[in-house]
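**Student:** A single structure is presented below for examination.
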């Protein structure tokens, strides 16, 4: 969608002030811990672009609150598994041998959108150490949230998601559906803790040297399976929706949405997660 298209579909400019007011109406309060998944284009024409959105979010949680966003860099994975697009098999060793090591300060996000990419660079923001599945956080609890992130537990109870669950965070979806709600990967981990694992790899700095490191991670559901969970949560009042710019925001307590998903999935046969595909 071009900027001209955005202007045509926007009744009046979306501003930091208008977004702040709508975030308040949705239920974001000063002092909240909020993990945000956002699409800038869904908001309409925003005066100031992603800067205005981040400013509105930070103002909404206030200096006592903590803002969190996924900062995933999916390119720092085993190239043999890349599908969008795949690379020639003859390139694999070269890619593994030469890919720059993950650096939380400079490694860009990939397909996270302009808001998340800006937020990871925002002054004072901290970022967890997982090469492909990191999270960025800003606020009093940012260090606690990003401090522990084991390679083998990218989205489980030992990851920042587990910390957010224990801290009673809120989840905010801005113009995106539940297939972008990473909290539901935590629910997947809780529902099927013994699901199959797959080998993964990434370039890391170890003892001051760049190395390719292999490790194992749990297989994940196709996130399309999260959409009916979200629809159920909205019907049950676990999540609520409201206007945000020219689009929609959906807000929920992280514990409630995770527990709701676990409850739904627990009614399925064991192994249902693995059957969803990776």
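The values are calculated or read from the model by the stated rules, or taken from the named source; none is laboratory data. These figures come from a predicted structure and were not determined experimentally. Every residue, glycine among them, receives a Cβ derived from its backbone with ideal geometry; neighbour counts consider all protein chains shown.
Table: residues versus (1) in a loop (DSSP other than H, G, I, E, B); (2) more than 15 Å from residue 137 (Cα to Cα); (3) touching a strand residue (DSSP E or B) at 6+ places or on another chain (Cβ under 7 Å).
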site: 11; (1), (2), (3): yes, yes, no
site: 69; (1), (2), (3): no, no, yes
site: 86; (1), (2), (3): yes, yes, no
site: 92; (1), (2), (3): no, yes, no
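**Student:** In this structure, is residue 117 surrounded by fewer than 20 Cβ atoms within 10 Å (Cβ to Cβ), modelled with pLDDT under 95 and under 13 Å from the mean Cα position of the chain (by Cα)? Outline the logic, then answer.
**Tutor:** Numbers: surrounded by fewer than 20 Cβ atoms within 10 Å (Cβ to Cβ): yes; modelled with pLDDT under 95: no; under 13 Å from the mean Cα position of the chain (by Cα): yes.
So residue 117 does not fit the description; no.
**Student:** Turning to a different aspect of this structure: What about residue 46, is it within 20 Å of the chain's Cα centre (by Cα), closer than 25 Å to residue 169 by Cβ and surrounded by 19 or more Cβ atoms within 10 Å (Cβ to Cβ)?
**Tutor:** no
**Student:** Taking the condition buried (at least 21 other Cβ atoms within 10 Å of the Cβ) and either free of Cβ contacts under 8 Å to residues at least 40 places away in the same chain or within 18 Å of residue 262 (Cβ to Cβ) (or both), does residue 206 pass?
**Tutor:** Numbers: buried (at least 21 other Cβ atoms within 10 Å of the Cβ): no; either free of Cβ contacts under 8 Å to residues at least 40 places away in the same chain or within 18 Å of residue 262 (Cβ to Cβ) (or both): yes.
It is false that residue 206 is buried (at least 21 other Cβ atoms within 10 Å of the Cβ) and either free of Cβ contacts under 8 Å to residues at least 40 places away in the same chain or within 18 Å of residue 262 (Cβ to Cβ) (or both).
**Student:** Let me ask another. Check residue 215 against each of (1) surrounded by fewer than 17 Cβ atoms within 10 Å (Cβ to Cβ); (2) closer than 22 Å to residue 162 by Cα; (3) at pLDDT 95 or above; (4) under 21 Å from the mean Cα position of the chain (by Cα) and name the one condition it does not meet.
**Tutor:** It fails just one condition, (4).
**Student:** Additional query: Search the range 221-242 for residues being out of contact with any helix residue (DSSP H, G or I) (no Cβ under 6 Å at 6 or more places or on another chain) and not in a helix (DSSP H, G or I), and hand back the single one that is farthest from residue 132 (Cα to Cα).
**Tutor:** Across the range 221-242, the extreme among qualifying residues is 237.
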